[in-house]
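Take a look at the structure set out below.
The values are calculated or read from the model by the stated rules, or taken from the named source; none is laboratory data. Treat the numbers as computed from the prediction; the structure is a model and nothing was measured. Backbone-built Cβ (ideal geometry, glycine too); neighbour counts: all protein chains shown.
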Ligand SMILES: Cc1cc2nc3c(=O)[nH]c(=O)nc-3n(C[C@H](O)[C@H](O)[C@H](O)COP(=O)(O)OP(=O)(O)OC[C@H]3O[C@@H](n4cnc5c(N)ncnc54)[C@H](O)[C@@H]3O)c2cc1C
C-alpha cells in the first residue's frame, strides 16, 4: 500500500507547558493529512513546578523532566533540534541555522521566558542562571563542587537574586540542597530584589507568611537593591553597598528570549509576542504565541505556568480550526489561581482567595497536582500503543514492522545464495568485482584510470529528512573510504511518497540538501540520479571515486598478527529499533547522532597514511558479519575481545531489555563460523556483534606495532576515540572467529606478529 505525504504542516517552536499538551493530543487524535514538527533547543523539557522539589532532594531529577524524544516518537510527531534564526512569513517557513527552512501552514511559538540578564564585568562563574532549566542542576552542582574543591570551607554564602515565586522557592530549597551535599557546612542565605516587595502577585497574608518563614531561617532579605557586579566574593549594588557571598543564583524577573527579537512580529514593551484572545499573534498570520512567550493584548496575565498549561486545550482547538479554515475560539484567563510554594521541607505555603496556610498537607496537595501533570507526559507505553492504533499518522510514523536504515538490509545469506546462482559474466575491465566481493568495485574503463564504484541506499530511519540525507551521503561514501578512494561524484537513488507536488518538493529538497552538505565537505558533487514515487522514503547514492597510486585497501588483505581497530562504537541498530518503539531516551540521542554523522573519511585517510592494507566499514551485517567477510576473503581467523568493544550510551540497557533490530537474527547466521564460550553470551557486547550499523565505523587491520600510533592519531585529529578490539590469527581449520573476554598475551604472539614480514 502506498503512503501519501501529509497535505499541511503544523510546526511548534519550543516544547514547554503549553505545547507538550499538543504533542500529547497528537498521539490520541492526530489531525488528518497534517504533519506535526516540533523544533526544540534541548531533547528534554523541564517542569518548573518540580524544580524546587528536585533541588531539595524530594524528587529524583527524571521526575521533573519530559523526554521529548520519546514523547514525539510515541505521538508520531517529528522532533528537530535546531536553532531558530527567523521567519519568512511570505513563504511561510521557519528559518533555522545550518539546515533548510521548515515550512508551516500553522505555527505556534512557545519558547517560554528567561531572566533579565545579570550584569557582566565581574566573575561570570560566580553566577548560576536559572535558565535554561534543563542544565541548571548540572551547572549548580559543578559550581558548588568547584567552591568546595578550592578551599576546605566550612561555610558558604548563597544569594538568590529575584524574590518572585520562583526565587522564593529556590531560596527555600537551598538548606536541603546543601544538607545533602555538605552537611557540615554553615549556609548563609541572602535574598535580593530590585523591587521593594517580595512575591509579586502574592496576597498580603501569604507575603507575611513567606517573610516569617524567611526570618525563621535567618535569610537576609535585601529589597530595593539593584545588583551591578558580582565577583565570587561579594555582590555590589548600584547604591554603592555590597554584601559578602560566594555564589549567586539568578532568578530575576522574566524577559523575552532573544530568539523572539528577529521574528518581525509585534511585541509588548518587554519583547513578548502580542496576541489576541485566540492566542494568535496580532500580525494576523497563522502564527500563535503561547505561555510566557505570548502576551494577550487585552488581558495581560502574569508569566506563570498555570496560564501556559490552561492555554493548551484552547491552542489545540484553535490549531485544528486554523488548519481547516474555521473561526477561532477565545482563551479566557482566570482571574486568580491557587498558588503553592514549596518550602523545601515537605511543607508548602498555600494561597487561595485571601486564605493562606503553611503545612505538610499543602505540600501533599502540590505534590499530587504536579505528579498528576507529569504522569501525563512520562508514561510512553500507553502512548506508543495509542499512536499505532490511531490512524492516519504521517507516513514516516506508521508502525514499521521491519527496521530501517542499514537494519533494513536483506540478510547476508540470501544475497550470497543469489550471487551463487547467477552467471555473472567476467570482464577484463573489472579489477575488483563480485568474484572477490568488497565494499566497492574497482573498474578500469577502456583506456582510462581505475574508478571505484559503489551503491548504497536505505529506508528513512528518522523523521528528519535533512538528517537522513546527511547520513545517506556519509553511508554511501563510506564504502569508497574503506577502499581508500576519494569520492568524486554521486548519483541519487530516491523514493518519495505520493502527495502534493509542493510537499514532495520540500521533502526531496530537505533530503538532498542534507546529502549535499556532506558531499561538499568530502569534495564530491551530485551529478545525477533517479527519483520515483513509492510506498515510503528511501534514499541512497551510487558513488564514483578516484584511486591514487597506492592499491586499494581490500577485505582480503589481512595479515596474521594485525590488530583490529574499530573507529566508532556499536549500537545504532538497537537504538534505532528502540526509537521506533518510543523507547529511545533523550539522553542517548546526541550519542546516536554523533555516530551517524561522523564521516569515515579522515579515519580512512589516517589508515592509508600509515600503510594499512585491509579495512572495511561496519554496516548492515554487523561487526561479526563484516569481520567474517574479511577473514574469509583473507583465509585467516581472528579473535575479538568483547570487553574492549565500545557501545553507544543506551545500548547496554536496551539489550538487557531485549530490544534488537529485525535484521539481528539473520546476522546471527555468522555464528556458524564462530567459537563462542558460553559464559560470554551474557555480555551485552556479544549481542552487539550482530547489530546492523547505520553509518557504522571502519574496522581497520593495523600492524601490531603501529596500532597504538593509529589510535593516538585520532585524538590529534579531533576524532572520536578508536579502540583496538581484536587480533587477526592464522588460517586453517575450525571457526574463523573466536570470542574472548579480553586480550591474553600468549607466547606465540611474536610468531603471529612476525608473519607480516
Ligand atoms: C523556579 C521556578 C518555579 C516556578 N514555579 C511555578 C509554579 O509553581 N507555578 C507556576 O504557575 N509557574 C511557575 N513558574 C513559572 C513557569 O515556569 C513559567 O511560567 C512556564 O514555564 C511557562 O511555560 P512555557 O510553556 O511558556 O515555557 P517553558 O515551559 O519554559 O517552555 C519553553 C520551552 O521552549 C524551549 N526553548 C527556549 N528557547 C527556544 C528556542 N529558541 N528554540 C526552541 N526551543 C526553545 C525551552 O527549552 C523550553 O523547553 C516557575 C518558574 C521558575 C523559574
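For the reader, a short list of remarks on this structure follows.
- Selection status of residue 158, within 12 Å of the ligand (Cβ to nearest atom) and at pLDDT 95 or above: no
- Candidate set from the stretch 301-313 (those that are within 16 Å of residue 164 (Cβ to Cβ) and near the ligand (Cβ under 9 Å from one of its atoms)); member that is surrounded by the most Cβ atoms within 10 Å (Cβ to Cβ): 308
- Considering the stretch 277-387, the qualifying strands (runs of 3 or more DSSP E), each wholly inside and each with 3 or more residues that are under 30 Å from the mean Cα position of the chain (by Cα), run over 287-289.
- Residue check: residue 49 meets all listed conditions (1) more than 16 Å from the ligand (Cβ to nearest atom); (2) out of contact with any strand residue (DSSP E or B) (no Cβ under 7 Å at 6 or more places or on another chain); (3) farther than 20 Å from residue 380 by Cα but one, namely (1).
Residues checked against (1) at pLDDT 95 or above; (2) surrounded by fewer than 20 Cβ atoms within 10 Å (Cβ to Cβ):
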site	(1), (2)
203	no, yes
223	yes, yes
228	no, yes
254	no, no
258	no, yes
292	yes, no
299	no, yes
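- Residue count for the stretch 83-100 under the criterion of being surrounded by fewer than 15 Cβ atoms within 10 Å (Cβ to Cβ) and either touching a strand residue (DSSP E or B) at 6+ places or on another chain (Cβ under 7 Å) or closer than 29 Å to residue 48 by Cβ (or both): the result is 4.
- Filtered residues of the stretch 101-140 (kept if within 30 Å of residue 516 (Cα to Cα), more than 13 Å from the ligand (Cβ to nearest atom) and buried (at least 19 other Cβ atoms within 10 Å of the Cβ)): 103, 104, 106
- Taken together, the residues in the stretch 516-558 that are surrounded by 19 or more Cβ atoms within 10 Å (Cβ to Cβ), touching a strand residue (DSSP E or B) at 6+ places or on another chain (Cβ under 7 Å) and not in a strand (DSSP E or B) amount to 10.
- Within the set 739, 698, the sole residue that is over 24 Å from residue 483 (Cβ atoms) and in contact with a helix residue (DSSP H, G or I) (Cβ under 6 Å, 6 or more places away or on another chain) turns out to be 739.
- Qualifying residues in the stretch 1-34 (those that are in contact with a strand residue (DSSP E or B) (Cβ under 6 Å, 6 or more places away or on another chain) and away from the ligand (no atom under 16 Å from the Cβ)) - the one farthest from residue 111 (Cα to Cα): 2
- Selection count where residues are in a strand (DSSP E or B) and more than 23 Å from the chain's Cα centre (by Cα), scope the stretch 559-591: 4
- Look at the stretch 99-124: where a residue is closer than 19 Å to residue 143 by Cα and a partner is away from the ligand (no atom under 15 Å from the Cβ) and at pLDDT below 90, sitting 6+ places away or on another chain with Cβ atoms under 6 Å, you get 122/231; 123/231; 123/232.
- Pick from the stretch 74-100, criterion in contact with a helix residue (DSSP H, G or I) (Cβ under 7 Å, 6 or more places away or on another chain) and not in a strand (DSSP E or B), ranking: farthest from the ligand (Cβ to nearest atom): 76
- Residue within the stretch 166-175 that is surrounded by fewer than 20 Cβ atoms within 10 Å (Cβ to Cβ) and in contact (Cβ under 8 Å) with a residue 40 or more places away in the chain present: yes
- Contact map, the stretch 1-23: residues that are under 14 Å from residue 39 (Cβ atoms) and free of Cβ contacts under 8 Å to residues at least 60 places away in the same chain paired with residues that are away from the ligand (no atom under 11 Å from the Cβ) and in a loop (DSSP other than H, G, I, E, B), Cβ distance under 8 Å, separation 6+ or inter-chain. Pairs shown: 23/77.
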